[in-house]
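The values are calculated or read from the model by the stated rules, or taken from the named source; none is laboratory data. Small disclaimer: the values here were computed from a predicted structure and weren't measured. Backbone-built Cβ (ideal geometry, glycine too); neighbour counts: all protein chains shown.
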Amino acid sequence: MKYKPPKLMTFSKDEPITVEVVNKFMEKHKLEVARYEYLKNMYRGIMSIDDEPTKDPWKPDNRLTVNFTKYIVDTFTGYFNGIPVKKSHSDKEILSKLQEFDNLNDMEDEESELAKMACIYGRAFELLYQDEETQTNVVYNSPENMFMVYDDTVKQEPLFAVRYGVDEDKKLHGEVYTLLETIKISGENDEISFGEKTYNPYPDLPVVEFYFNEERMSIFESVISLVNAFNKAISEKANDVDYFSDQYLAFLGAAVEEEDLKNIRSNRVINYYGESSEAKNVDVKFLEKPDSDSQTENLLDRLTKLIFQTTMVANISDESFGSSSGVSLAYKLQAMSNLALSFQRKFQSSLNSRYKLYCELSTNVSNKDAWKDIEYTFTRNEPKDIKEQAETANILMGITSQETALSVISVIPDVQAEMEKIKKEEVSTAIFDKDKQSSEKGTVVPETNEEVTNAQD
């Protein structure tokens, strides 16, 4: 089953947001939900092979699934933000506030889930709200139960968002988030109504979209057909094994009684007596299955390579990765690194939107423009060749500055702090060596003033 990536929902910013408008966009969103569920099921290992027609009862009917999609998503998200994003700010007071905000919301886990959802669905949403203690909280939302509508201007700014769900009684409950207020919605049988309205404390829409690419496509959406073909091929391979697990014994040119066949099966001994002319033409042998192993293996290998090449995600389980040098490893990870850089730009833009909302409240920080000076550090979670880095740094010492040379070594998190440590060690070593040289020459340093006086006398 193929689903097209969703198009951005747009609406005029000059028109009022009524029940009819919200209901219209909810109907559009319900059409997208089928695609989101399909992508989620693929990540969970529920594949199209399970929907294939059932074979005859006497035929093997294996339904094997190799979960490439989960491997691709987990490998990429681990590579992208397995090491959490670091935020820094020149103002220590604002940095402290940002750290409190991140700690309150367990932001490392929050951002990990947002990245994973964006890879699975192509997009994810984050809702900001104030709790009873006027603290800013965030919570991630799946596109299965939340959508956003943009205005129809050139910039396509967020206009309103809707979060809803259906309870056990098939009654709908949710909220509509606008620039001015939050509106409760409820209903049943596709008929909704507006309820309680509360003031929006943020100057902007309190919902941020995190998306993997402009097309809102999943990271594995382009290889769905390849994954399904792989599952079908390996399932048929398993069926072939089952077909010929018990080989058929053929008697050619002889008539064997049923009782004799039972004895042959039980005793595993063939003792056939035929007439003079008949015995010469008797041929007893096992039927062998056609050898198609090489053909099937070639197909599976090709599909595997195409899956990883198309998604641009490295197959880390490949044996060649373990013996790769630093340069060779960098080349193998180049495609995934480029993909991560592209996603990083989208992710950072969404982070800016989040912290902009946070800084716009005076109860959080005093400077509403403080978000503009936040610096983000994305670190790829990849294997490092420390020996090769150290050798490179040693070579650069005579060509570049010490700071540049030390920056090559990944085990040094803060180059400036490391340089200060080196300076302190050099000073301590120099003093130690000086004292040692003086002692070797026979110079004795007086320990007290009394000794100095006696020496002068």
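Working only within the stretch 365-385, note down all residues that are surrounded by 13 or more Cβ atoms within 10 Å (Cβ to Cβ), modelled with pLDDT of 90 or more and in a strand (DSSP E or B).
Result: Tyr376, Phe378.
Being within 26 Å of the chain's Cα centre (by Cα), without any contact (Cβ under 8 Å) to a residue 60 or more places away in the chain and either assigned to a helix (DSSP H, G or I) or surrounded by 12 or more Cβ atoms within 10 Å (Cβ to Cβ) (or both) is the filter here; which residues of the stretch 1-49 pass it?
Tyr3, Lys30, Leu31, Ala34, Arg35, Tyr38, Asn41, Arg44, Gly45, Ile46
Mind checking which residues of the stretch 157-180 are touching a residue at least 60 places away in the same chain (Cβ under 8 Å) and of a type in the set (Phe, Trp, Tyr)?
Within the stretch 157-180, Phe160, Tyr164 meet the criteria.
I'd like to verify a number: residues in the stretch 130-162 that are out of contact with any helix residue (DSSP H, G or I) (no Cβ under 9 Å at 6 or more places or on another chain) and not β-branched (Val, Ile, Thr), how many? Before you say what the answer is, go through the steps one by one.
At the first step, the residues of the stretch 130-162 found to be out of contact with any helix residue (DSSP H, G or I) (no Cβ under 9 Å at 6 or more places or on another chain) are 130-134, 148, 150-157, 159, 161.
Within this subset, residues satisfying the condition of being not β-branched (Val, Ile, Thr) are 130-133, 148, 150-152, 155-157, 159, 161.
Qualifying residue count, the stretch 130-162: 13.
Give just the number: which of (1) in contact with a helix residue (DSSP H, G or I) (Cβ under 9 Å, 6 or more places away or on another chain); (2) surrounded by fewer than 22 Cβ atoms within 10 Å (Cβ to Cβ); (3) closer than 25 Å to Val176 by Cβ does Met107 not satisfy?
Among (1) in contact with a helix residue (DSSP H, G or I) (Cβ under 9 Å, 6 or more places away or on another chain); (2) surrounded by fewer than 22 Cβ atoms within 10 Å (Cβ to Cβ); (3) closer than 25 Å to Val176 by Cβ, Met107 violates only (3).
How many residues does the stretch 1-60 contain that are more than 21 Å from Pro143 (Cα to Cα) and touching a helix residue (DSSP H, G or I) at 6+ places or on another chain (Cβ under 7 Å)?
3
Just one of Thr453, Thr443 is at pLDDT below 80, over 30 Å from Gln348 (Cβ atoms) and assigned to a loop (DSSP other than H, G, I, E, B); which is it?
Working: Thr453 fails: assigned to a loop (DSSP other than H, G, I, E, B).
Checking each option against the conditions leaves just Thr443.
Would you call Ser362 part of a loop (DSSP other than H, G, I, E, B), closer than 30 Å to Phe101 by Cβ and modelled with pLDDT of 75 or more?
Working: part of a loop (DSSP other than H, G, I, E, B): yes; closer than 30 Å to Phe101 by Cβ: yes; modelled with pLDDT of 75 or more: yes.
When the stated conditions are applied, Ser362 passes them.
Residues are listed down the side, and each one gets a yes or a no for (1) within 28 Å of Asn213 (Cβ to Cβ); (2) polar (S, T, N, Q):
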{"site": "Ala115", "(1), (2)": "yes, no"}
{"site": "Phe125", "(1), (2)": "yes, no"}
{"site": "Asn145", "(1), (2)": "yes, yes"}
{"site": "Thr153", "(1), (2)": "yes, yes"}
{"site": "Val166", "(1), (2)": "no, no"}
{"site": "Leu180", "(1), (2)": "no, no"}
{"site": "Ile185", "(1), (2)": "no, no"}
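Between a residue in the stretch 192-207 that is closer than 19 Å to Gly165 by Cβ and any residue that is in a loop (DSSP other than H, G, I, E, B) and not β-branched (Val, Ile, Thr), which pairs come within a Cβ distance under 7 Å, given they are 6 or more apart or on different chains?
If the second residue must be in a loop (DSSP other than H, G, I, E, B) and not β-branched (Val, Ile, Thr), the pairs left are Pro206/Asn200.
Take the stretch 155-199 and flag every residue that is modelled with pLDDT under 95, of a type in the set (S, T, N, Q) and under 30 Å from Gln344 (Cα atoms).
If the condition is that a residue be modelled with pLDDT under 95, of a type in the set (S, T, N, Q) and under 30 Å from Gln344 (Cα atoms), then Gln156 is the only one that fits.
Working only within the stretch 150-167, note down all residues that are farther than 17 Å from Pro203 by Cα, among the hydroxyl-bearing types (Ser, Thr, Tyr) and not in a loop (DSSP other than H, G, I, E, B).
Within the stretch 150-167, just Tyr164 meets the criteria.
Output the residue which, of all residues in the stretch 196-211 that are hydrophobic (A, V, I, L, M, F, W, C) and part of a strand (DSSP E or B), is nearest to Gly174 (Cα to Cα).
Keep residues of the stretch 196-211 that are hydrophobic (A, V, I, L, M, F, W, C), which gives 205, 207-208, 210.
With the extra rule that they be part of a strand (DSSP E or B), the set shrinks to 207-208, 210.
Details: Val207: 14, Val208: 17, Phe210: 21 Å.
Checking each candidate, the answer is Val207.
Could you list all residues from the stretch 50-95 that are assigned to a helix (DSSP H, G or I) and within 26 Å of Lys237 (Cβ to Cβ)? Lay out the reasoning, then the answer.
As a first pass, look at the stretch 50-95 and keep what is assigned to a helix (DSSP H, G or I): 50-51, 68-81, 92-95.
Once the filter is applied, which keeps residues that are assigned to a helix (DSSP H, G or I) and within 26 Å of Lys237 (Cβ to Cβ), the stretch 50-95 yields Asp50, Asp51, Phe68, Thr69, Lys70, Tyr71, Ile72, Val73, Asp74, Thr75.
Quick one: Ile120 ticks every box in (1) at pLDDT 90 or above; (2) over 26 Å from Asn338 (Cβ atoms) except a single one, so which number is it?
The single condition Ile120 does not satisfy is (2).
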